[in-house]
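Taking it in order: structure first as structure tokens, then the write-up.
The values are calculated or read from the model by the stated rules, or taken from the named source; none is laboratory data. Bear in mind the structure is a predicted one, so any value in this text is a computation, not a measurement. Accessible surface is based on the protein model in full, side chains and every heavy atom, while ligands, DNA and RNA are left aside. Shrake-Rupley method; radii C 1.70, N 1.55, O 1.52, S 1.80 Å.
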Amino acid sequence: MLAGAVYFNTRPISRRRFGAGLALLAVLIIQLPTTSALAYGVQAFGLPLRDDWFIGIDRAFGFDWLTFQTFMVERRGLMEILSRAYETFFLQLGLTPVLLAALGEVRRSDRFVASFILCVTMTTIISAVLPAEGAAGLLGPDEAHLLFQGATPLEDLHALRDGTMRALPLNEVGPLISFPSLHCAVAYLVTAAIWPLQRLRWVVLLLNAVMTVSAVTHGAHYACDCVAGLLVAAVSFHLAGQLGPWSERMFARMCGVAVLPAATAPTVLTP
């Protein structure tokens with residue numbers, strides 16, 4: 001991807017935005033192993049699990065995960081739709097910066113990548129201070145059929161917390177963070193980044209509304225996990241916008257003319 005970015009930077013200016021998109025996607029991919037390893041590593045602090053807090057918050061607003069999940073499992077067609085939406089996480093994450101850059105929204109693409117890095121860092125720190133098993137911890141052997149693909153791997157979590165796990169292959173790293181929900185955070189970030197594109201905004205909003213619900217059904221998140229994920233994403237997207245001028249100078253220094261000149265940059269609206 002970096003080689004492709006260099007190549008497109010030697011092409012006519014109309015094609016250099018593709019180089020910017022590839023460079024930003026490369027940055028996104030490079031940071032994933034680091035932040036994934038960090039999300040596992042911070043669990044070694046072993047601070048008290050806070051599931052009782054999160055369950056209490058949900059119930060205070062009239063939500064019970066086990067009751068909701070039991071109700072949803074009986075609706076197979078709806079669960080299949082939610083499953084497909086849940087699985088778009090990495091597709092949306094990778095496609096968004098490339099699509100924005102290809103359409104000339106290089107600054108917007110840069111903001112999206114910066115906001116995701118800020119967001120995943122913040123969720124990792126919060127998960128260290130407020131660790132939780134997630135809804136997977138609510139289930140016994142007789143209720144195993146209620147659990148879907150994105151639940152926290154409890155064996156890994158407890159092995160990290162008690163010190164018996166200190167190394168694992170990166171390809172075995174799973175969705176360890178329960179609070180806040182990173183799926184919901186990405187749903188917000190993608191929607192906010194795409195919002196200026198009127199032809200896509202409502203499709204993306206609908207998809208990510210469904211993905212937010214799927215974080216509960218297929219990611220075994222509490223409802224308050226989802227709210228927290230959306231809030232962290234909103235803060236991250238705002239901060240990335242505030243850091244825009246600084247990140248733009250750094251990006252221009254690294255990629256030369258890959259960043260569109262201010263005089264020709266498209267005007268974008270902030271949602």
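Some values worked out for this structure:
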| item | result |
| --- | --- |
| Gyration tensor verdict on segment 150-260 (Cα atoms; rounded if a/c is under 1.5, prolate if a/b is larger than b/c, oblate otherwise) | oblate |
| Stretchable slack from Trp246 to Arg75, in nm (0.36 nm times residue separation minus alpha-carbon distance) | 56.7 nm |
| Accessible area in square angstrom per residue, segment 60-136, 1.4 angstrom probe | 44 Å² |
| Nearest-ten-degree value, helix 182-194 long axis tilted from longest Cα axis of the chain | 30 degrees |
| For segment 107-116, 3J(HN,Hα) per residue [Karplus equation, 6.51 cos²θ - 1.76 cosθ + 1.60, θ = phi - 60°, Hz, x = Gly/Pro] | 4, 5, 4, 4, 5, 4, 5, 4, 5, 5 |
| Segment 60-119, accessible surface, carbon-and-sulfur percent (1.4 angstrom probe) | 70 percent |
| Tail weight of P(r) past 23 Å, computed on alpha-carbon pairs of segment 132-212, percent | 42 percent |
| Hydrodynamic radius of segment 1-135 per Kirkwood, over alpha carbon pairs, in Å | 18.0 Å |
| For segment 68-148, alpha-carbon Rg relative to the globular expectation (2.2 N^0.38 Å, N residues) | 1.52 |
| Equivalent ellipsoid dimensions for segment 71-116 as semi-axes, Å, which come from the Cα gyration tensor, largest first | 32, 10, 7 |
| Per residue convex hull volume, Cα atoms of the chain, in Å³ | 137 Å³ |
